[in-house]
Structure formats: C-alpha cells, structure tokens
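Working notes, beginning with the structure itself.
Taken together, the values in this text are just the output of simple stated rules run on the coordinates, not laboratory data. The structure presented is a predicted model; accordingly, all values stated were derived computationally and were not measured. Every residue, glycine among them, receives a Cβ derived from its backbone with ideal geometry; neighbour counts consider all protein chains shown.
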Amino acid sequence: MNVVILPGSGCTPTRECNYYAWLERELKRRNVCDDVRMSDMPDPHLCRRNVWIPFVENELKLDGASIVVGHSSGAVCALRLAERNRLRGVVLVAGYDDDLGDANEHASGYFGPDPFDYDKIRENCDGRIDCVIGMRDYLVEPRVQIALAEKLRARETRCENRSHFFTPPAEEIIEAIERMIDSVSE
C-alpha cells in the first residue's frame, strides 16, 4: 500500500506548504504507511491536467494499491486519476468539480470538455472515497464540497472548525486513510 499526496495550486516546494510534510511524517511515524509519495509538481501554479496526470501516473507510480490524498486543485486531479486508474481509495480535501469561476482553474483543463464520470470514479475506488470538508472554508465553499460528496456518494468528514486545511495537524485526513486501510483488510 502507498499514499500519494497531491498538493493544491501554488504549493511549491510541496513539503514546505500546508499540512503535507506533517502528513507524510505522521503516516510513517504511526506505522500507518511507510510508502508515502509526494513531489514538487511540474506546473505548480496552473496545475494543468495534461501535465499533472501523466506526471502522477509515471513519476509517482500510481497503482491499484494507492490511496490518493488530493488537496484543493490536487483533489480535482485525484478525481481525474480515479476515472482512469484502479485505486485503493481517494481522500478529497477541500474538493470541487467545477472551475469556481476562476480563470486559472478554467485553464487547468480539468473541467471540460468531458464531464466527470462519478460512477467510474466510485467503481475504480470500490466506493472508498472520503471528502474531508472544512466547514469554514472561504476558498471552496462547504456547499460545493458537500455537493461533490453527494455526487460521488462518498463518506463526508465535516470539520466544523477547519478552513482550507492550510495548517497541521490534520488528524481527519489520517483517520480517513486508516478507514480505507481497515475497509480493505476486513
């Protein structure tokens, strides 16, 4: 099993941003997962689909044992990856499925011309999808995150006192990963 961490836009160097290094360190320290894959992403500001998808598949070696943790723009990438690949599961942190009226999001190429295939995403993850939602998020409104969870028929982890998950700790994300591991081993 491995965990692949996909950052949000503008997060460079990746390990110096948000909760990413903390999550990597804690997954290893707690013996949840020793194989944590994370990298500085190419095109870190636009996060273009035609750059990120092949990079994650080929350089981070995404496979059927991967739990993908995608944050913000990384969550959108995780959705597209799950359409194309069998995965152990997906944790969407501050996830969304439209460009939010943002020019950079629109330019990323994730939002068309092909619509998201929610059924294929569920199928490729065997339904193991958790949307971790900051109920005080001012960048991706909670209603957008909740609507995505409903479309995916995903588990919702609503975090009443969290915003856009800029700072550690992020226990909610570790708990979501642990649930996915436990659901496979049962």
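Scanning segment 25-48 for residues that are assigned to a loop (DSSP other than H, G, I, E, B) and either over 22 Å from VAL76 (Cβ atoms) or without any contact (Cβ under 8 Å) to a residue 12 or more places away in the chain (or both) yields ARG30, ASN31, VAL32, CYS33, ASP34, ASP35, ASP43.
Looking at segment 1-36, which of its residues are within 16 Å of GLY95 (Cβ to Cβ) and small (Gly, Ala, Ser)? GLY8, SER9 - these are the residues of segment 1-36 that are within 16 Å of GLY95 (Cβ to Cβ) and small (Gly, Ala, Ser). When residues in segment 26-48 are screened for being of a type in the set (Lys, Arg) and under 17 Å from the mean Cα position of the chain (by Cα), 2 of them pass. Just to be sure before I move on: is ASP99 without any contact (Cβ under 8 Å) to a residue 40 or more places away in the chain and among the acidic types (Asp, Glu) in the structure I sent? So ASP99 passes the test. For segment 138-159, filtering for residues that are in contact with a strand residue (DSSP E or B) (Cβ under 9 Å, 6 or more places away or on another chain), surrounded by fewer than 20 Cβ atoms within 10 Å (Cβ to Cβ) and over 17 Å from ILE177 (Cα atoms) leaves 4.
What do you reckon, is VAL51 under 21 Å from PRO169 (Cβ atoms), among the hydrophobic types (A, V, I, L, M, F, W, C) and without any contact (Cβ under 8 Å) to a residue 40 or more places away in the chain? No. The single condition from (1) in contact with a Leu (Cβ under 8 Å, 6 or more places away or on another chain); (2) surrounded by fewer than 17 Cβ atoms within 10 Å (Cβ to Cβ); (3) under 16 Å from GLU105 (Cα atoms) that HIS45 fails is (1).
From the set of residues in segment 49-73 that are outside any loop (DSSP other than H, G, I, E, B), of a type outside the set (Gly, Ala, Ser) and in contact with a strand residue (DSSP E or B) (Cβ under 6 Å, 6 or more places away or on another chain), which is surrounded by the fewest Cβ atoms within 10 Å (Cβ to Cβ)? Checked segment 49-73; the qualifying residue surrounded by the fewest Cβ atoms within 10 Å (Cβ to Cβ) is ILE67. Of all residues in segment 74-86, those that are assigned to a helix (DSSP H, G or I) and either under 14 Å from LEU148 (Cα atoms) or not small (Gly, Ala, Ser) (or both) total 9.
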